[in-house]
Each structure stands twice: as structure tokens, then as C-alpha cells.
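Heads up, the thing below is written out as C-alpha cells.
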Amino acid sequence: MPAPAPQMIDPFGRAVSYLRVSVTDRCDFRCVYCMAEDMTFLPKREVLSLEELDRLCTAFIEKGVRKLRLTGGEPLVRKNIMSLIRSLGRHLESGLLEELTLTTNGSQLSKYAAELYEYGVRRINVSVDTLDAQKFKAITRWGDLAKVMDGIEAAKDAGLQIKINMVALKGVNEHEIIPMMEWCHANGHDLTLIETMPLGEIDGDRTDQYLPLSLVRATLADKFTLEDIPYKTGGPARYVEVKETGGRMGFITPMTHNFCESCNRVRVTCTGQLYMCLGQDDMADLRAPLRASEANELLNDAIDEAIGRKPKGHDFVIDRRTKQPAVSRHMSVTGG
Ligand code: SAM
């Protein structure tokens, strides 16, 4: 009999099979709910090299990770990122890794879509909060919607399956959810709505932006027939099929519904810090053991020790009394 595949099991019996890696904290956008406009980024020496990122990802894959998502910051603005993606593609060929994917703002997709497909990427998430060019500029501060749309088109032409991620923002894009859904489904894309999470200091007040997706779903259900479906992509979204459009819509509800029970994920920052939960501060430094020796023993020990203290879940709160973010780091540190 073949040896059983290795697994990382946390104290609550959950197998960790999904790794998200933030390959850079830098981004070419400054989305208002994500970053302050004058962000200070990490000095380059603190950031893992592409070779170190490859070694780290490979160690996790050898320990049972089957799905790997590169994120950021904006993953496609990291210099030579394609060499990392090409190299990681070897784990798809060997069958150890089931999926290599990324979350992107789409600004660089025209340039990279064909190469992504060539190296084994089949699905990507693209973050688009509005289809209105002016509003897009207002939300992203620096983004250009036309460029993102060209990128999405290029990705589709390259054969990549696309899921659009839309952060639902009260009074900003809440009335665009239906048009966004219709556009996505007419173009063959899934749409996932995300609640804003209290991560990192931003310039505005999050209480003003927070829109519970339970409300959105109820409003949608007045106009459309939403059927719960068991579709899973390995992430935290719960999906419905919209009967009228025939498309899929996902809801990521860290605020209104605790999605922790089935958590199979851990996250690594571009400096090699392993976060066992998006909503908790506890982490393990993997850069020191990675750099301390060329063999992986120290690294593997550090990973095992950290998985052994993966918490049960998080407890996000957004209300007028809770002014502090739940965790001080921005989403661009641990990635989406
Ligand atoms: N630059 C890439 C992008 O735009 O998708 C990857 C990184 S970005 C941090 C990943 C996702 O996190 C995006 O969909 C973004 O909208 C979302 N995001 C950022 N800050 C958030 C917050 N505070 N609450 C909820 N989602 C957030």
C-alpha cells in the first residue's frame, strides 16, 4: 500500500491543506478600506527572496498543502514573480499540488495572463468593487478600471477561469451588486461578495463602510431565486446558484457568520511570518529557521509547532464603540 499522504492537523482536528502566501506587501492600488494612502512598505532586505519563497512553499506542499494561493499586496507587481510561478508549477506536474492560483487586482493581467496559464494556473480571483470608472478610481485611489477590464479579457482569452471578488461597502457600491452579478454571469465569471474586515488602521471609519451580507442576500432573494449549492473552491465562500442568470455567487461572511469551523488555511507574509488565523495576532517566524540552515529540519519543526497552536477562530467586531481594528496589520500584509 502507498504511504498515506502527509497531513498537518491542528488541535481541533482540521487538516491544513491550503496555504496563502503574500509575496509582497507592495501594491499599485491604495483601496480605501485596505490601506492608508501613505503606507510605509517593508525594506527589501526583510522580504523573502523568490528562492526562499519557493523553498517555503515547497516545504508546506511536502507537508500536505494541496492548494496554494499567491496574494499580496499585488502579487503581479513583485519583480520576476513569473519565475516563482513557473517554478511552483513543477508541483502541479508532479501531482503533489492540486491548484496554484492567485488573487490579483488585474492591473498587470494583460501582460501575464498567457504565461500564468502556461505555468499551470487555471483559475484566478480578480478584485473589482465597481464597474463605474470614476467610482473605481475613488475606491482604489490609483487604479484604472479600463486597464483592469483589459486584463480580465486577456485572462479569459488565455483560458483562465475568473472569479470576481467584490467587497460590499455600505453607501459606496451596495447598489451595484446586481449589475455586477449580471455582468459577471453574462461573461462566465463567478462573483464573490466579501464583508469588510477590521484589519489595520485606514484613513476612514469602518463603521461607515460595513454592510452585512445577510442583508444583501435578503435583498437579492426578493428579486432572484437563490439556491444553496455545495460548490466549494477550498476557500471560505458559501455559494448559491442564481436561477435567473445560471451563474454562481459566493458570500464570504467573516462578520455575520463565523466561518472558522471548517478552516483549512494558514497564511505566510512576504517576510516569512506564519499566521494561523487571519483575525488573530499570534504568528510564528519562519524566516529565521529558513535562513539558519539549508536543510528543512528547523523549518519543518517551526511549522509543526505553529500548526499545533492554530486557534479555533476569530471574533471580529465592527461597531461604534470598537474603534480599534481587530488586528493591527493590514490585509496587504497577510493577503486576502
Ligand atoms: N492586490 C490583490 C487584490 O487586489 O486582489 C491581492 C491582495 S488584496 C489585500 C486581497 C483582497 O482583500 C481583495 O479582494 C481586497 O478587496 C480584499 N480586502 C482588503 N482589505 C480588506 C478588508 N479590510 N476587508 C475585506 N476585504 C479586504
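Things to note:
- The chain: angle of helix 177-186 to the longest principal axis, Cα-based, in degrees nearest 10: 70
- For residue 82, neighbours were defined as the other residues whose beta-carbon sits under 11 Å from its Cβ, and their charges (Lys and Arg +1, Asp and Glu -1) total +2.
- Measuring between their Cα centroids, the range 249-315 and the range 74-113 lie 21 Å from each other.
- Of 163/312; 67/310; 137/223; 170/223, those spanning more than 22 Å from alpha-carbon to alpha-carbon: 163/312; 137/223
- Extents of the range 68-143, taken as max minus min of Cα coordinates on every principal axis and listed largest first, are 45, 22, 20 Å.
- For residue 111, the lysines whose Cα falls under 16 Å of its own Cα, not counting residues fewer than eight places away in the same chain, are 79, 147, 156.
- Qualifying chymotrypsin sites (Phe, Trp or Tyr not before Pro) for the range 175-266 [loop in DSSP, other Cβ within 10 Å: at most 12]: none
- Each helix, a run of at least 4 DSSP H residues, gives -39500 (n - 2.57); summed and divided by the residues of the chain, these come to -9000 deg cm²/dmol at 222 nm.
- Environment charge of residue 103, counting only residues whose C-beta is closer than 11 Å and scoring Lys/Arg +1, Asp/Glu -1: +3
- Against the chain, whose longest principal axis comes from its Cα atoms, helix 81-94 is set at around 70 degrees.
- Local charge for residue 227 was computed over the other residues whose Cβ lies under 13 Å away, with Lys and Arg +1 and Asp and Glu -1, and equals +1.
- Taking GluC sites (Glu not before Pro) across the range 135-212, the ones in a DSSP loop with at most 16 further Cβ atoms lying within 10 angstrom of their Cβ are 201.
- Binning the alpha carbon pair distances of the chain at 20 angstrom intervals from zero yields the distribution 31, 61, 7, 0, expressed in whole percent.
- Built amide H within the under 5 Å cut-off of residue 122, gap 5+: 100
Each value in this text was obtained by applying a stated rule to the coordinates, not by laboratory testing. No experiment lies behind these values; they were computed from the predicted model shown. Don't worry about glycine lacking a Cβ; one is built from the backbone with ideal geometry, like all the others, and counts go over all protein chains shown.
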